Amino acid sequence: MTTEMQEIAITEEKPLLTGQADTKDAELAARILLDQGQEHSIETPHGVLHVTLHGTRTTRRPAILTFHDVGLDSKSCFSPLFKFEEMQEIVKNFTLIHIDAPGQEEGAAAYPAGYQYPSMDIVAEMIPAVLQFFNFRTVIGVGVGAGAYILSKFALANPDSVEGLVLVNIDTNARGWIDWAAQKLSSVTSSLTEQILSHLFSQEELSSNTDLVQSHRERISKASNLVNIELLWKTYNRYVHLHTCPVMLVVGDQAPYEDAAVECNSKMDPTTTSFLKMADAGGLPQLTQPAKLTEAFKYFIQGMGYMASSCMTRLSRSRTTSLSSSYSMDGSRSRSRTLSQGSQGGQMPPSPSQTMEVSC
């Protein structure tokens, strides 16, 4: 009885203020939205896409739209990067849209036998429906591996919708399903999981069998939608030329496709292309070196005219990497970027007509 009276007394002495509960609920909802995001199943002309949105649907700026690699989904490919502490300055200024390739989201039902997986071209054609659903006119794309290829195709078909692209581990000689089948026949002991791991990680990482490699081996091998992953793996093929918007190519110095990324860079327009080769980054730099990629991404965005007042982070103060930007005189949206080793002596950055390799 005494306990009950004390509980009543506390309630009477500190009554709940009007609107206080609603405010707390709103703050909690905002935190959940930022951490977990809003999941959507979006109808497109070619099927349904699973999409996760983080932040508010403000269209004053382009959304940051991501597309993952084979063997990954949006969470395993991008969560560590976009939850990284120094990335939050970017995250709070942009809406994030994470797309999962058809049937690749966590817990997706396995496709039936004989299912014809959409081509990379068709997957790219599904993206405009996502932009329309969220009412975004333009995006800054961030793609890894197969996702880089898909966003490249999307940018070529929809140049007015893409303000810039960050392409990690793009492969100019990506093997198609015929080559994959030939490899599988010649190496029966190489399982699908191991083939995908060799696509995601460097030989050094595989030999060392790092915790990251082990966690992805277990996740892929035990995936309930492994058949879907195999279908996407078979479909991933061919390289596409890019010349429609500013592009930042990113690759780890020990990545499986380091040479391919260098070759891709040699074929790109040097006035709109930045090339970033990361030291000690391995095959998945967005997971192993989020600080370096965050810094480069920030400069890339600043070069496009966004977040101009953003201060330099610890990384840039210790390793002064600069990004120069110039605008065309014809009033178009074309912009030039050059990543270069910076100078603390106030030297002018190099001409944006050249593309420089940066090992940071």
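Given the conditions (1) surrounded by 13 or more Cβ atoms within 10 Å (Cβ to Cβ); (2) assigned to a helix (DSSP H, G or I); (3) at pLDDT below 50, report the number of the one that ARG317 does not fulfil.
(1)
Pairs needed: first member in region 69-82, free of Cβ contacts under 8 Å to residues at least 60 places away in the same chain; second member anywhere, of a type in the set (A, V, I, L, M) and surrounded by fewer than 23 Cβ atoms within 10 Å (Cβ to Cβ); C-beta distance under 7 Å; at least 6 residues apart or different chains.
Listed by first residue and then by second, the contacts come to PHE82/VAL91; PHE82/LEU96.
Step by step: first the residues of region 277-299, then only those that are among the aliphatic types (A, V, I, L, M) and surrounded by fewer than 21 Cβ atoms within 10 Å (Cβ to Cβ), then the one that is modelled with the highest pLDDT. Which residue is that? I'd like the intermediate steps shown before the answer.
If we filter region 277-299 for residues that are among the aliphatic types (A, V, I, L, M), which is where we start, we get 278-279, 281, 284, 287, 291, 293, 296.
Restricting the remaining residues to those that are surrounded by fewer than 21 Cβ atoms within 10 Å (Cβ to Cβ) gives 279, 291.
On the way: ALA279: 84, ALA291: 91.
Among those that are among the aliphatic types (A, V, I, L, M) and surrounded by fewer than 21 Cβ atoms within 10 Å (Cβ to Cβ), it is ALA291.
What are the residues in region 266-276 that are touching a residue at least 24 places away in the same chain (Cβ under 8 Å) and open to solvent by 30 Å² or more (accessible area, probe 1.4 Å), if any? Working first, answer last.
Our first condition is that a residue be touching a residue at least 24 places away in the same chain (Cβ under 8 Å); within region 266-276, this holds for 267-276.
Those that are touching a residue at least 24 places away in the same chain (Cβ under 8 Å) and open to solvent by 30 Å² or more (accessible area, probe 1.4 Å): LYS267, ASP269, PRO270, THR271.
Given the condition touching a Pro at 6+ places or on another chain (Cβ under 6 Å), closer than 15 Å to LEU151 by Cβ and of a type in the set (A, V, I, L, M), answer yes or no: does some residue in region 120-139 qualify? Before the answer, list the steps.
Step one: of region 120-139, the residues touching a Pro at 6+ places or on another chain (Cβ under 6 Å) are 138-139.
Add one more test, that the residue is closer than 15 Å to LEU151 by Cβ, and what stays is 138-139.
Filter once more, so that each one left must be of a type in the set (A, V, I, L, M): 139.
Checking region 120-139: at least one residue is touching a Pro at 6+ places or on another chain (Cβ under 6 Å), closer than 15 Å to LEU151 by Cβ and of a type in the set (A, V, I, L, M).
I'd like the residue in region 36-68 that is touching a residue at least 12 places away in the same chain (Cβ under 8 Å) and among the charged types (D, E, K, R) and, out of all such residues, is nearest to VAL142 (Cα to Cα).
ARG61
Can you tell me which residue in region 165-209 is modelled with the lowest pLDDT, limited to those that are aromatic (Phe, Trp, Tyr) and part of a helix (DSSP H, G or I)?
Going through region 165-209, the residues aromatic (Phe, Trp, Tyr) turn out to be 177, 180, 201.
Narrowing further to those that are part of a helix (DSSP H, G or I): 177, 180.
Numbers: TRP177: 37, TRP180: 40.
Within region 165-209, the match that is modelled with the lowest pLDDT is TRP177.
Being touching a residue at least 12 places away in the same chain (Cβ under 8 Å) and open to solvent by 60 Å² or more (accessible area, probe 1.4 Å) is the filter here, so list the residues in region 85-106 that pass it.
Of all residues in region 85-106, those touching a residue at least 12 places away in the same chain (Cβ under 8 Å) come to 86-87, 89-106.
Those that are touching a residue at least 12 places away in the same chain (Cβ under 8 Å) and open to solvent by 60 Å² or more (accessible area, probe 1.4 Å): LYS92, GLU106.
Is it the case that LEU212 is farther than 28 Å from ILE140 by Cβ, open to solvent by 10 Å² or more (accessible area, probe 1.4 Å) and either of a type outside the set (Val, Ile, Thr) or modelled with pLDDT under 75 (or both)? Reasoning before the result, please.
Values: farther than 28 Å from ILE140 by Cβ: no; open to solvent by 10 Å² or more (accessible area, probe 1.4 Å): yes; either of a type outside the set (Val, Ile, Thr) or modelled with pLDDT under 75 (or both): yes.
Answer is no for this residue.
The values are calculated or read from the model by the stated rules, or taken from the named source; none is laboratory data. Nothing here was measured: the structure is a model prediction, and the numbers come from that model. Heads up, the Cβs are rebuilt from the backbone with ideal geometry, glycines too, and the neighbour counts pull from every protein chain shown. Quick note on the areas: whole protein, heavy atoms, side chains included, nothing else; ligands and nucleic acids left out. Shrake-Rupley method; radii C 1.70, N 1.55, O 1.52, S 1.80 Å.
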